[in-house]
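A short worksheet on the structure shown next.
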Amino acid sequence: MQSRYVQIAELLRGQIADGQYPLGSRIPTENELAQSLGVSRPTVRQALDLLAREGRLTRVKGSGTFVAQPKLVHESTSFVTGYREESRKKNRVLRTRVVCIRTEKAGEKVGDALRIPGDELVTRLVRIRNLENLYSNAPVVYTTLYVPLKLFPEMPEMDFTDASFYEALDARGLSVVHASRKLEVVMPPAEVAAGLGITPFEPTAFISSQGYTRGGQAVEYTESYYPASRSSFQIEINR
């Protein structure tokens, strides 16, 4: 005889397949399911954990459990483009929250990436992005970018909630035409995990990127964290 949690998982699979819970929809809470099915909450949790391991459900901290949608395919590993431009091309509605924008010393790591001394000033811009009607509007990327202040002195006074960073560079003759990007799977820092609505123990795809002008000037260094459970990356290779 099947365990009770396996039976509950099978019931939920059928309800998802029948469209009772559409893709991206939030399913009832553990307490609600336990009460309606007449079982304990730990039994429900086992069933939900099983479906999450199968990729049928996605847990979002503070928001609930959702029927998993196909992973977002990001093209940042294939093309030099901003997230706003990529979203526009795919007819997605992008929402941005600016966490902070301020001037600070580059430090060794950022200075090396931008090929400037560590005591030179840079502008740091931190943003959290989400896409309307995907993953119940949960964040899809947490991005921190750095720009030498001397190249873009008015940047700290600008509002990048709706403005495109790459278009702002284009307008100043600093178009990024080449980028070097490195992709790793890492556990996110606590503040990044909180911003993405995940736990610090959930893996993220981490991309560090340097952007260069046609003349080889390093104009931006970016660190981006994507929840691994909601992200995939397209890579174009030509011969």
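Annotation: Y212 fulfils all but one of (1) closer than 19 Å to Y146 by Cβ; (2) within 21 Å of the chain's Cα centre (by Cα); the unmet one is (2).
Checking the conditions here, which among A194, A168, A190 is free of Cβ contacts under 8 Å to residues at least 40 places away in the same chain, assigned by TED's automatic domain parsing to the domain that holds T222 and within 16 Å of Y226 (Cβ to Cβ)? Explain how you work it out, then say what you get.
Numbers: A168 fails: within 16 Å of Y226 (Cβ to Cβ); A190 fails: within 16 Å of Y226 (Cβ to Cβ).
After ruling out the rest, the residue left standing is A194.
Please work out which residue is nearest to R129 (Cα to Cα), limiting yourself to the range 198-227 and to residues that are surrounded by fewer than 18 Cβ atoms within 10 Å (Cβ to Cβ) and among the small types (G, A, S). In this case the residue turns out to be S208. So for the range 15-22 (the condition being assigned to a loop (DSSP other than H, G, I, E, B), at pLDDT below 85 and closer than 22 Å to P139 by Cα), does at least one residue qualify? No: the range 15-22 contains no residue that is assigned to a loop (DSSP other than H, G, I, E, B), at pLDDT below 85 and closer than 22 Å to P139 by Cα.
Residue-wise test of (1) assigned by TED's automatic domain parsing to the domain that holds Y225; (2) crowded, with 19+ Cβ neighbours inside 10 Å; (3) in contact with a strand residue (DSSP E or B) (Cβ under 6 Å, 6 or more places away or on another chain).
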| residue | (1), (2), (3) |
| --- | --- |
| R95 | yes, no, yes |
| A106 | yes, yes, yes |
| I128 | yes, yes, yes |
| E132 | yes, no, no |
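Scanning the range 23-38 for residues that are hydrophobic (A, V, I, L, M, F, W, C), modelled with pLDDT of 90 or more and within 15 Å of L51 (Cα to Cα) gives I27, L33. Does A34 satisfy the criteria of being small (G, A, S), over 20 Å from F201 (Cβ atoms) and in contact with a Lys or Arg (Cβ under 7 Å, 6 or more places away or on another chain)? Yes; evaluated as a whole, the condition is true for this residue.
The values are calculated or read from the model by the stated rules, or taken from the named source; none is laboratory data. What you are looking at is a predicted structure, and each value in this text was computed from that prediction instead of being measured. Ideal geometry is used to build each Cβ from the backbone, glycine not excepted, and the neighbour counts take in all protein chains shown.
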